[in-house]
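Nothing in this text is a laboratory measurement; each read-out follows from the coordinates by a stated rule. Predicted, not measured: the structure shown is a model, and the values here were computed from it. Here the Cβ positions follow ideal geometry from the backbone for every residue, glycine too, while neighbour counts run over all protein chains shown.
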Amino acid sequence: MTRPLDDFLHTPARLSVMSLLAPAEWVTFAFLRDTIGTSDSALSKQLSALETAGYVEVRKDRSAHRSTSARMTPGGRAAFDAYLTDLEELVARARGTATPAPRAGAASHEGG
Amino acid sequence: MPELDPQGALTEVRRRRAQALDEGSAPWPRRFVAALVLACLTIGAARDADMNWLVPWMVILLGLASQLRGVRLPRTGRSRRWAVAWGAALIGAGWLGVVVMHLARTADWPLPGTIGGVVAALVVVFGVGPLQAREARSLRG
């Protein structure tokens, strides 16, 4: 039996943010906003929710740029990897293929 | 927002991941290399025009501009070596520019600072830029 998908991550906006943060050390707020194509306030709301959940860390740079950056916390990475494993298992089951042993973060090693 | 089916979600994860990797491992844009070349020439010309105060400002601005990337990827052993290589090439460009400037001044050539700046700019174009591009590529692992 597979676990149910993590509802908190399984929303388009949060999934986009987490997927952009996954391979990176730090990602700027401006890059997240422009790539996802959302507004400052909508992205701030999503980042706050992810930060409250302990999935991301947000840093406000006090240097000349005064830019804001975000990164995944170890807890966020673990949750995201588990979510991806569940997702892959679901897709494999839907295709009727045998499911291999769960491999944390399998999708995070693809597509690069 | 549209509903996410599992296959669509996986596709979205891969697409977004590729976007982050592309941004984080892109070489300096041409306009930044052009700005670096212009900075070398300006620093050289500033010395000829006795505007030495301009030099630290140019260096600070360049340092800030080089940080303007949207995604910072984790460093690897290879990327660190390439970063050291292009850093050394950048220092070498400045050093060579100063040496050439002193030689030109000793030889009584006109605009020795500008001549040094041109030499430094050539090192940036043919040395620093390609090495930085190698570093950027190596970040993809």
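Tabulated results
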read-out: Simple spin-label estimate for B:R140 and B:V125 in nanometres, 7 Å along Cα-Cβ; value: 2.7
read-out: Nonlocal amide H pairs with A:W26, under 5 Å, H built at 1.01 Å; value: B:R72
read-out: For the range A:37-54, 3J(HN,Hα) per residue [Karplus equation, 6.51 cos²θ - 1.76 cosθ + 1.60, θ = phi - 60°, Hz, x = Gly/Pro]; value: x, 10, 8, 4, 5, 5, 5, 4, 4, 5, 5, 4, 5, 5, 5, 4, 6, x
read-out: Linear extension gain, B:A18 paired with B:I60, 0.36 nm per residue minus alpha-carbon span; value: 11.9 nm
read-out: Calculated [θ] (222 nm, deg cm²/dmol) that DSSP helices of n ≥ 4 give over chain B, each run adding -39,500 (n - 2.57); value: -24500 deg cm²/dmol
read-out: Where a label projected 7 Å from the Cα of B:F32 along Cα→Cβ would reach, residues of the range B:82-126 with amide N under 17 Å; value: B:82-91, B:124-126
read-out: Where labels lie 7 Å past Cα in the beta-carbon direction, separation of A:A42 and B:A49 in nm; value: 4.7
read-out: Whole-number D in µm² s⁻¹ for the range B:94-141, Kirkwood Cα-pair radius fed into Stokes-Einstein, 37 °C, 0.692 mPa s; value: 279
read-out: Computed E for B:W95/A:E51 - FRET, C-beta separation, R0 41 angstrom, nearest 0.05; value: 0.35
